[in-house]
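Have a look at the structure below, then the notes.
What follows is calculated from the coordinates using simple rules that are stated; it is not laboratory data. Owing to the predicted nature of the structure, the values given are computational and were not obtained by experimental measurement. Every residue, glycine among them, receives a Cβ derived from its backbone with ideal geometry; neighbour counts consider all protein chains shown.
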Amino acid sequence: MGGLRGLAFAELTKAVITRLKASAYTSSYSIYGYVPDSASFPYIVVSTISGVKSISFDSRSAEYEDNIVTIHVYSSYRGDKEATQMMEDCNQAISSSTLSVTGYRIAMQEMESAVLFVDDTDSTNLIRHGVIEWRFHMATT
């Protein structure tokens, strides 16, 4: 019996952040894996990864899993214009080519969902918060 394989979370997070920082679409934004106290708007956060073993892609030669990466965009711009543009920029950056993840081959990547809402916790400073989920069907190499 073989040993347990680790999850792709760390490598996938690193690959998504690297892509966003390198892309002409998103390189002008601050991009984080966590939000430092010194962060100023607008910025992007890559976080909240979930994954499951994929039965639909099982084979004898590789193990597959589905992972969902959540990308958050934050804007203090009045209105939705900046936040929606940031969301579009993130999607353009990720969809521009297949992501390269160390130790894995991406069989398919697709934008799963997107939503924009207003964080009105502080009524004097409304924050636009966009949430984009990307699904990655991944195989071990």
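Table for the structure above
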read-out: Simple spin-label estimate for residue 30 and residue 11 in nanometres, 7 Å along Cα-Cβ; value: 3.1
read-out: Karplus 3J(HN,Hα) series, Hz, for segment 133-141 with 6.51 cos²θ - 1.76 cosθ + 1.60 (x for Gly, Pro); value: 10, 10, 9, 10, 8, 10, 10, 5, 9
read-out: 10 Å Cβ shell holding at most 13 others, DSSP loop, trypsin sites (Lys or Arg not before Pro): longest site-free stretch of the chain; value: 79-141
read-out: Cα long-axis angle, helix 9-22 against the chain (0 to 90 degrees, to the nearest 10); value: 50
read-out: Selection from 22, 51, 121, by position along the positive dipole direction of segment 9-140 (Cβ); value: 22
read-out: Cα-based Rg / Dmax (Å) for the chain; value: 16.5, 59
read-out: Spin-label model distance (nm) - residue 68 vs residue 113, 7 Å beyond Cα toward Cβ; value: 0.6
read-out: Per-residue HN-Hα couplings for segment 84-99 [Karplus 6.51, -1.76, 1.60; θ = phi - 60°; Hz; x = Gly/Pro]; value: 5, 5, 4, 5, 4, 4, 4, 5, 5, 5, 6, 7, 4, 6, 5, 5
